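> I have a structure here, written as C-alpha cells, and I will follow up with some questions on it.
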Amino acid sequence: MSGQTGLEKGSNIKSLMKKHGIRKAVYVGDTAGDENASKEAGIPFIWARYGFGTATNPDGIISTISELKTCVERYI
C-alpha cells in the first residue's frame, strides 16, 4: 500500500491520471515493483538501468539520465 490512499502504487497512478486528466504518461523507475505498477496502470515503463533494482520486460531502458528525453518521446 502506498501513502494515504491505501491503494497499491499502480492504482494510485491511475487515480492521479484520471484526477488530472492525464491521457499519456510513462513511469520511470528502477525496480520490478515500479515495472509492475506501470503495467497495472496501463502505461509504458522505462527502466533506469543505473538504479538499484532490475526489470524483466521494460518498454524502454535508459543507462543515463541524459537518455530520458529521447526515450520518453517514443511513448508520448
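> For residues that are within 9 Å of the chain's Cα centre (by Cα) and β-branched (Val, Ile, Thr), scanning just region 16-35, find the one that is most open to solvent (accessible area, probe 1.4 Å).
Among those that are within 9 Å of the chain's Cα centre (by Cα) and β-branched (Val, Ile, Thr), it is VAL28.
> Among the numbered conditions (1) over 13 Å from the mean Cα position of the chain (by Cα); (2) of a type in the set (Val, Ile, Thr); (3) at pLDDT 95 or above, tell me where ILE61 comes up short.
Looking at each condition in turn, ILE61 falls short on (1).
> Is there any pair linking a residue in region 5-20 that is more than 21 Å from ALA32 (Cα to Cα) to one that is among the hydroxyl-bearing types (Ser, Thr, Tyr), with Cβ under 8 Å and at least six apart or on different chains, and which?
THR5/SER11; THR5/SER15
> Determine which single condition SER38 fails, assuming it passes every other condition in (1) polar (S, T, N, Q); (2) open to solvent by 90 Å² or more (accessible area, probe 1.4 Å); (3) under 14 Å from the mean Cα position of the chain (by Cα).
(2)
> Please specify each residue of region 16-40 satisfying the condition of being in contact with a Pro (Cβ under 9 Å, 6 or more places away or on another chain) and in a loop (DSSP other than H, G, I, E, B).
If the condition is that a residue be in contact with a Pro (Cβ under 9 Å, 6 or more places away or on another chain) and in a loop (DSSP other than H, G, I, E, B), then ALA25, VAL26 are the ones that fit.
> Here are ILE43, ILE13: which of them is under 22 Å from LYS69 (Cα atoms), part of a helix (DSSP H, G or I) and open to solvent by less than 40 Å² (accessible area, probe 1.4 Å)? Reasoning before the result, please.
On the way: ILE43 fails: part of a helix (DSSP H, G or I).
Unique residue meeting the criteria: ILE13.
The values are calculated or read from the model by the stated rules, or taken from the named source; none is laboratory data. Please read these numbers as outputs of a predicted model, since none were measured by experiment. Don't worry about glycine lacking a Cβ; one is built from the backbone with ideal geometry, like all the others, and counts go over all protein chains shown. Side chains included, ligands, DNA and RNA excluded: accessible areas come from the protein's heavy atoms. Shrake-Rupley method; radii C 1.70, N 1.55, O 1.52, S 1.80 Å.
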